[in-house]
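For reference, the structure discussed in these notes is given below.
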Amino acid sequence: MTTTIFALSTAPGRGAVAVLRVSGPRAKATLKALAGTCPAPRRASVRSLADRQGREIDSALVLWLPGPGTYTGEDSVEFHVHGGVAVVNALVEALLGQGLEPAEPGAFTRRAFENGKLDLAQAEAVADLIDAETEGQRRQALSQLGGALGRIHLAWREELVEVLALLEAAVDFPDEEVPSDVADRSRPGLERLAAQLHLALADAQRGVAVREGYKIALIGAPNSGKSTLLNALAGRDAAIVTAAPGTTRDIIEVQMVLGGYKVVIADTAGLREAADEIEAEGVRRGMVWAAEADLRLWVADGSLEHGLPAPEGVRAGDVCVINKADLPAGGQTPVAIQEAAAFSLEVHRISARRGEDLGALLSALTGRVVEQLGSGSPPTATRLRHARLLQEAYDRVVSALEQTEAPELAAEDVRLAARALDRITGAIHPEDVLDRVFSSFCIGK
């Protein structure tokens, strides 16, 4: 890195204190130019800051942080000034006058990655920690920042290297004094890896759900009370409720926190033969959202005279919510109970309009979320990028197992599997991946 960058690391606008960070080869010279002297390393000192014309900017707390023992691995400086907009603007102008460049989003963390302070998964965890809104997100980001995800993938990669050594020995030294079954000796390792990666893929959705939100879809016939239930769970009027069937045309999402985890509950269009093209598109979108959800709540109108079967998309382990328990039970109630038993659905009878038994339903949903997301083991993926690369590694390991008579082909598959794992932690990284990852960061981090 030849440039020296700077950025405001505290929130923009008026505040008690503002912190501007500087990183790069001109950090020390810039500090001397503005403060007159350079304090002892890593010791906060009060200095009067002045621009190139000698005009005082502010009385500030400054820190001189020589590399490589810094966040970025470079020489760094921090200016802690009063948080007025005019003070910050004056300091920014002074830094520009010293030839420094404003930092792009994620520039400091990208330098930390490129200087070997963090792997790519840890760098992503920095952004996740800043964005964390729930206790579950905070814990997961801290675990990943501590290298938990990288250590798992490194262990897999080391086993792949051992397997590759056996396969390459069979390819490169076929006539030498190596055991004739050297290629076959790679099979147990490949089988172990295939099993571990298969389990990792099954668990990958857990980390993604903690980060992006556990998805719960409300599905069912029109007028069953899905929108009323959504409003009751949200504690506000998020969806329009009317007696007219088909009021909900699009997906209405509400974010909640259950058991310390982010949850996204979606009200979908009532499932019926659509009356027009717009409603048909709403039903289609709702079915797609429900199919991708972690859990579906089938909301059935318990007062309905004629019973309706469970809607398309219901899966074993979902929840059946028999609504309108404040009204006389109709034919839908026994049919819903029967259908729920057939699909192994947990059943709750509530009145969304009156709020009856909502506490029991919320408690059950919280238990589901904590049970599915709260495993003590670190997740093997926290982003869709990780999951796709894990899938690629798994596919290559399976392909290598199928190349029993062609060790050279199996060796290539193993190499490609290792490359896929390396791309998760950034040991191998296309530049466009880095641009995409760090562009999502806030400026100053």
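For the range 384-401, the condition of being outside any helix (DSSP H, G or I) and surrounded by fewer than 21 Cβ atoms within 10 Å (Cβ to Cβ) holds for none of the residues. Applying the criterion of being aliphatic (A, V, I, L, M) and closer than 12 Å to residue 98 by Cα to the residues of the range 23-40, the residue that is nearest to the chain's Cα centre (by Cα) is 27.
Among the residues of the range 40-62, those identified as closer than 18 Å to residue 19 by Cα and of a type in the set (S, T, N, Q) are 45, 48, 59.
Just the residues that are of a type in the set (Lys, Arg) and closer than 13 Å to residue 426 by Cα, please, taken from the range 112-150.
Restricting attention to the range 112-150, the residues satisfying the condition of being of a type in the set (Lys, Arg) are 117, 138-139.
Scanning the range 112-150 gives a single hit, 117.
For (1) without any contact (Cβ under 8 Å) to a residue 40 or more places away in the chain; (2) among the polar types (S, T, N, Q); (3) surrounded by fewer than 13 Cβ atoms within 10 Å (Cβ to Cβ), each residue gets a yes or a no:
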site	(1), (2), (3)
37	yes, yes, yes
43	yes, no, yes
51	no, no, no
56	yes, no, yes
73	no, no, no
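Mind telling me which of the residues 238, 234 ends up being farther than 30 Å from residue 417 by Cα, modelled with pLDDT of 80 or more and surrounded by fewer than 19 Cβ atoms within 10 Å (Cβ to Cβ)?
Working: 238 fails: modelled with pLDDT of 80 or more.
From the options 238, 234, the qualifying one is 234.
For residue 216, the criteria (1) more than 19 Å from residue 303 (Cα to Cα); (2) over 23 Å from the mean Cα position of the chain (by Cα); (3) outside any helix (DSSP H, G or I) hold in every case but one, which is (2).
Across the range 50-62, what is the total count of residues that are assigned to a strand (DSSP E or B) and in contact with a Leu (Cβ under 9 Å, 6 or more places away or on another chain)?
Just the residues of the range 50-62 that are assigned to a strand (DSSP E or B), to begin with: 50, 56-62.
Restricting the remaining residues to those that are in contact with a Leu (Cβ under 9 Å, 6 or more places away or on another chain) gives 50, 56-60, 62.
Summing the residues that are assigned to a strand (DSSP E or B) and in contact with a Leu (Cβ under 9 Å, 6 or more places away or on another chain) in the range 50-62 gives 7.
Of everything in the range 74-83 that is part of a loop (DSSP other than H, G, I, E, B) and at pLDDT 95 or above, the residue that is farthest from residue 106 (Cα to Cα) is 75. Cβ-Cβ distances below 8 Å connect the following pairs, each with a first residue in the range 208-234 that is closer than 18 Å to residue 356 by Cα, a second residue that is of a type in the set (Asp, Glu) and not in a strand (DSSP E or B), and a separation of six or more residues or different chains: 231/237. Among the residues of the range 59-66, none qualifies, meaning not one is of a type in the set (Gly, Ala, Ser), in contact with a strand residue (DSSP E or B) (Cβ under 7 Å, 6 or more places away or on another chain) and under 30 Å from residue 120 (Cα atoms).
Which of the residues that make up the range 41-79 are of a type in the set (S, T, N, Q) and over 33 Å from the mean Cα position of the chain (by Cα)? Spell out the reasoning first.
Going through the range 41-79, the residues of a type in the set (S, T, N, Q) turn out to be 45, 48, 53, 59, 70, 72, 76.
Hits for the range 41-79 are 45, 48, 53, 59.
Residues that are more than 30 Å from residue 196 (Cβ to Cβ) and in contact (Cβ under 8 Å) with a residue 60 or more places away in the chain number at least 2 in the following strands (runs of 3 or more DSSP E) confined to the range 293-382: 295-301, 319-323.
Conditions tested, residue by residue: (1) touching a helix residue (DSSP H, G or I) at 6+ places or on another chain (Cβ under 9 Å); (2) closer than 21 Å to residue 254 by Cβ; (3) not assigned by TED's automatic domain parsing to the domain that holds residue 221.
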| site | (1), (2), (3) |
| --- | --- |
| 292 | no, yes, no |
| 296 | yes, yes, no |
| 303 | yes, no, no |
| 308 | yes, no, no |
| 312 | yes, no, no |
| 318 | yes, yes, no |
| 323 | yes, yes, no |
| 332 | no, no, no |
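The values are calculated or read from the model by the stated rules, or taken from the named source; none is laboratory data. It should be emphasised that the depicted structure is a prediction, and the values quoted were computed from it without experimental measurement. Virtual Cβ from ideal backbone geometry, glycine too; neighbours counted across all protein chains shown.
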